[in-house]
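Trainee: This is the structure I want to talk about, given as structure tokens.
The values are calculated or read from the model by the stated rules, or taken from the named source; none is laboratory data. Please read these numbers as outputs of a predicted model, since none were measured by experiment. Virtual Cβ from ideal backbone geometry, glycine too; neighbours counted across all protein chains shown. In case anyone asks, the SASA skips ligands and DNA or RNA and just uses the protein heavy atoms, side chains included. Shrake-Rupley method; radii C 1.70, N 1.55, O 1.52, S 1.80 Å.
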Amino acid sequence: MRAPVFEEFDAASDCDCPGCAQWRRVMPYTSSPSSSPFPSSCFSPARGPVAGRAFVLVAAAGAVLGGGSPVTAVAAAHGTARTAVPAADEPSTPQGGKAPLHGPAGKPAAGRPGIVSRVPTTTRAEIIDRARIWVDAEVPYSMSEYWSDGYRQDCSGFVSMAWNLPGNEWTGSLDTVSVRITRDQLQPGDILLFHNPANPEKGSHVVIFGGWTDSTHTHYVAYEAAPPHARKRTTPYAYWSNSGRYVAYRYKGVEETAGGAEPSEPQPAGRYPGAAYFGPGANNKYVTQLGHLLVERGAGRFYTSGPGPRWSSADQRATQAFQRAQGWTGAAADGLPGPLTWSYLVEKTGRDIPPAGNPGPPPGPGAPPHQSPGYPGRGNFRPGAANAYVTQLGKQLVRKGFGKYYTSGPGPRWGEADRRNVEAFQRSQGWRGGAADGYPGPETWRRLFS
């Protein structure tokens, strides 16, 4: 008898047959499928590579049994195929397996997926900043497509990206680069993970914890990749469905002190610590520092008691009042301190908050210059956007000497060339991380047109 050969098949997530059920348990994921001895009812050609792949051992018989026909060992006959109906908020799309980062046209980059022996270090602020890039761009959900940064566009690829891992992990391997923690230890940048080993395609999901939204810790901000696109939303603990099966984990490479909420090294007083340290659920020394800075600028009336480390509506209202005092409106005055708000506060620049009932003077020094065209909003600069503002932005980038990524244009449709040129401009301002993501915010716009 010749040596056995291996033939790959895609174990269907919704098939009851003993073959699919057995191989989903034995080999939850491998590389992409080629052919199978199983009926076509187990396959969905549109799905691409999934987590539930398995190898089927096919005995290529050299001996002849009864008439000389080779005998192939296959599983028992399939039952009737069924379609699973997930809960309303439960992701129903399968996820991809472990994979390297991908380059242009979705081709794998150098290297192969394997055990991550040394995890890269990062901070909580950087984790949340990277997650927000996908949320702001509304990266479409896909378990077979890869975004421009090389990460797969599903839930586990999203976490791999936010944690800055060297490859794409999946829900069955994220625990190898993290440590289990308790609910009370959760901090922004940690994850809530549910991996269903019996059927990884059904229910398995992972979200990034962004902070508690209430004092009872019953709801939190979740950053996740789920159909139809990456999103941020208030979520009941631990999740909408399978809540009791989610487990909290912390990335091994996160830099922090023994307390778990602060960076491992003190940040200089003037450096913006990152968006992750402000907003619902935040509890750290930077919230206290923000409150004191705001009180110095006229925000004392918003606090019934002194500023403290736990973020509250008083912090948000005081921040918004300071932003509006600079003449900012819309998303630029959302009550959440960004790099520009922070720099105005620590550098003692811009206008103070006017007394109650006094709208204050019109925008002047310290507010975006009048000669700059009004910032049209972040929604005009994202994948799929096509408008006159994109053209206006591109032309100004070229005038400023940041148009090298344009091969034609610039034009009205937002593209990767626009993003890379904006990123180059932002980096020229000394910005890094989420502040140099290639998407123009109010301060990028102001500086570009000043």
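Trainee: From the square roots a ≥ b ≥ c of the eigenvalues of the alpha-carbon gyration tensor of the range 395-450, which class results: rounded (a/c under 1.5), prolate (a/b over b/c), or oblate? Display every interim value, and only then the final one.
Mentor: On the way: a/c = 1.71, a/b = 1.45, b/c = 1.18.
Here the range 395-450 falls in the prolate category.
Trainee: Stretch A386-R233 to full length: gain in nm at 0.36 nm per residue minus the Cα-Cα span? Write down the numbers at each step before the final one.
Mentor: On the way: separation 153, 0.36 × 153 = 55.08 nm, distance 2.64 nm.
Gain on stretching A386 to R233: 52.4 nm.
Trainee: Using the structure shown, list the pairs from K98/K404; K348/K404; K285/K348; K98/K252 with a Cα-Cα distance above 25 Å, or answer none.
Mentor: Values: K98/K404 35 Å; K348/K404 37 Å; K285/K348 20 Å; K98/K252 18 Å.
Cα-Cα > 25 Å for K98/K404; K348/K404; rest within.
Trainee: At what distance in angstrom do the alpha carbon centres of the range 148-190 and the range 217-258 lie from each other?
Mentor: Computed from Cα coordinates, the inter-centre distance equals 10 Å.
Trainee: Please give me the summed charge of the neighbours of V287: other residues whose Cβ is under 10 Å from its Cβ, Lys and Arg +1, Asp and Glu -1.
Mentor: Details: positive: K285, R310; negative: D315.
With Lys, Arg at +1 and Asp, Glu at -1, the neighbours total +1.
Trainee: Take the Cβ-Cβ distance between S313 and S450 as r, set R0 to 30 Å, and report the resulting FRET efficiency rounded to the nearest 0.05. Please list the in-between numbers first.
Mentor: Values: r = 34 Å, r/R0 = 1.13.
E between S313 and S450, to the nearest 0.05, is 0.35.
Trainee: Roughly how many percent of the accessible protein surface of the range 295-361 is carbon and sulfur, given a 1.4 Å probe and a whole-percent answer? Display every interim value, and only then the final one.
Mentor: Numbers: 1730 of 3280 Å².
Here carbon and sulfur together make up 53 percent of the probe-accessible area.
Trainee: Expected output is a single nm value to one decimal: the length gained when fully extending between K285 and W240, i.e. 0.36 nm times separation in residues minus the C-alpha distance. What is it? Spell out each step's value before the answer.
Mentor: Values: separation 45, 0.36 × 45 = 16.20 nm, distance 3.18 nm.
Gain in length upon complete extension: 13.0 nm.
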